[in-house]
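Taking it in order: structure first as structure tokens, then the write-up.
The values are calculated or read from the model by the stated rules, or taken from the named source; none is laboratory data. What you see is a predicted model; the values in this text were computed from it and never measured. When we count neighbours, we look across all protein chains shown, and the Cβ atoms used for this are built from the backbone with ideal geometry, even at glycine. Just the protein is used for accessible areas: all its heavy atoms, side chains included, with ligands, DNA and RNA removed. Shrake-Rupley method; radii C 1.70, N 1.55, O 1.52, S 1.80 Å.
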Amino acid sequence: MFKPIITFVGLLLALTATAVEAEPIVIKFSHVVAEDTPKGKGALLFKRLVEERLPGQVTVEVYPNSTLFGDNNELDALNNNEVQLLAPSLAKFEKYTKQVQVFDLPFLFDDLEAVNRFQKRAKGRQLLRSMEQENITGLAYWHNGMKQLSATKPLRMPTDAAGLAFRIQPSGVLESQFAQLGASTRKIPFGEAFGALQNGTVQGAENPWSNIYSKKMHTVQPYITETNHGVLDYMLVSNTRFWFGIPHRIRTELEGIIEEVTYEVNRAAEEANQADRERIRKAGTSEIIELTPEQREAWREAMRPVWKEFEPVIGADIIKAAQTVNRKQRH
Ligand code: SIN
């Protein structure tokens with residue numbers, strides 16, 4: 001006669017025990033840069049906020065400096081759910097979408113403010129969803145900063161780069177950008193870039209100040225030209241199936257945290273880059289070359305054919321939308 005009640009109580013106890021004992025969701029966040037960089041700090045802030053606000057429900061493991069996965073395998077690892085969060089540079093998605101290559105076009109954005117405006121507008125936001133078929137969901141854009149050219153010789157005019165080999169990220173746009181200068185390129189993972197510069201496999205590279213400083217590239221590159229010729233930003237991405245499998249309440253909380261972290265990363269990135277520029281200047285290992293407006297215009301003109309070449313694959317509408325975010329309109 002008491003059997004149904006006992007069964008009901010038993011079920012309740014079993015359910016409670018399951019809830020109490022439920023394993024926390026583990027988010028592995030792998031990246032390739034040092035911790036003291038905009039992305040490195042963003043990953044740590046995400047971990048701190050998640051563990052404060054979702055204790056026992058979500059834990060975050062951060063793996064910096066390519067210690068878990070590097071450029072060559074991190075997106076495959078994301079797809080296999082061996083890692084759940086990445087923030088690759090926007091130049092690293094070419095295999096999955098051609099449209100995101102818009103960010104690699106040289107001299108498209110005047111500054112980081114312009115990049116920010118594009119990322120917030122409809123076309124920019126649309127690109128976050130452009131890889132969902134590939135099981136990649138874009139959650140946010142994180143800034144690093146504008147890229148500078150470093151080399152073993154002074155680069156004042158575009159012709160100075162002819163004959164040099166540059167380390168690049170795996171992007172056809174970047175390959176073409178250097179080809180316009182008569183330079184060759186090697187696609188080398190970020191984790192191996194310092195070694196390739198040190199042993200002379202390549203003589204030059206392009207990176208924001210924070211990446212140059214944190215990976216000590218300035219110690220093997222005696223000249224850095226402040227070109228600000230392109231942007232190196234990130235897309236924070238997750239495995240689509242994993243992300244949308246997270247219970248709605250927890251996912252909403254995580255999305256709120258990402259919004260906060262994104263605000264902080266993007267607020268602090270430019271300042272961090274300028275601080276690293278100053279550290280490099282003080283280290284005295286590299287001459288920092290500032291371009292005159294005429295010299296900068298010459299670089300711009302030399303690299304400009306890349307736009308036409310990539311317009312059919314990126315899309316004229318996307319390039320146009322990106323151009324309109326600059327304060328000074330050019331045609
Ligand atoms: C990064 O900032 O994530 C690396 C960029 C690069 O490969 O140059």
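Some points to look at:
- Contact annotation: residue pairs with Cβ atoms under 6 Å, 6 or more positions apart or on different chains, pairing a residue in segment 189-216 that is farther than 18 Å from Ile280 by Cβ and more than 10 Å from the ligand (Cβ to nearest atom) with a partner that is open to solvent by less than 10 Å² (accessible area, probe 1.4 Å) and assigned to a loop (DSSP other than H, G, I, E, B), are Ala196/Val202.
- Any hit, segment 161-180, residues being more than 21 Å from Ser238 (Cβ to Cβ), charged (D, E, K, R) and surrounded by fewer than 23 Cβ atoms within 10 Å (Cβ to Cβ): yes
- In segment 119-141, the residues that are in a helix (DSSP H, G or I) and open to solvent by 10 Å² or more (accessible area, probe 1.4 Å): Lys120, Ala122, Lys123, Arg125, Gln126, Glu132, Gln133, Glu134
- Among the residues of segment 273-285, those identified as open to solvent by less than 50 Å² (accessible area, probe 1.4 Å) and either touching a Ser or Thr at 6+ places or on another chain (Cβ under 7 Å) or basic (Lys, Arg) (or both) are Asn273, Asp276, Arg277, Ile280.
This table checks each residue for (1) among the polar types (S, T, N, Q); (2) under 15 Å from the mean Cα position of the chain (by Cα).
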| site | (1), (2) |
| --- | --- |
| Gln169 | yes, yes |
| Leu181 | no, no |
| Gly191 | no, yes |
| Lys216 | no, no |
| Asn228 | yes, no |
| Tyr234 | no, yes |
| Val237 | no, yes |
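- Annotation note: Cβ proximity below 8 Å between a residue of segment 166-178 that is without any contact (Cβ under 8 Å) to a residue 24 or more places away in the chain and more than 10 Å from the ligand (Cβ to nearest atom) and a residue that is among the β-branched types (Val, Ile, Thr) and assigned to a strand (DSSP E or B) (sequence gap 6+ or interchain) occurs for Glu175/Ile168; Glu175/Thr185; Phe178/Ile168; Phe178/Thr185.
- Residues of segment 28-72 satisfying the condition of being assigned to a strand (DSSP E or B) and open to solvent by less than 40 Å² (accessible area, probe 1.4 Å): Phe29, Ser30, Val58, Val60, Val62
- Helices (runs of 4 or more DSSP H) wholly inside segment 287-331 that include at least 2 residues being of a type outside the set (A, V, I, L, M), open to solvent by 70 Å² or more (accessible area, probe 1.4 Å) and free of Cβ contacts under 8 Å to residues at least 24 places away in the same chain: 293-303, 305-314
- Val231 surrounded by 18 or more Cβ atoms within 10 Å (Cβ to Cβ), under 21 Å from Phe310 (Cα atoms) and either within 9 Å of the ligand (Cβ to nearest atom) or touching a residue at least 24 places away in the same chain (Cβ under 8 Å) (or both): yes
- Complete set of residues in segment 247-268 that are open to solvent by less than 20 Å² (accessible area, probe 1.4 Å) and touching a Leu at 6+ places or on another chain (Cβ under 7 Å): Ile250, Ile257, Ile258, Val261
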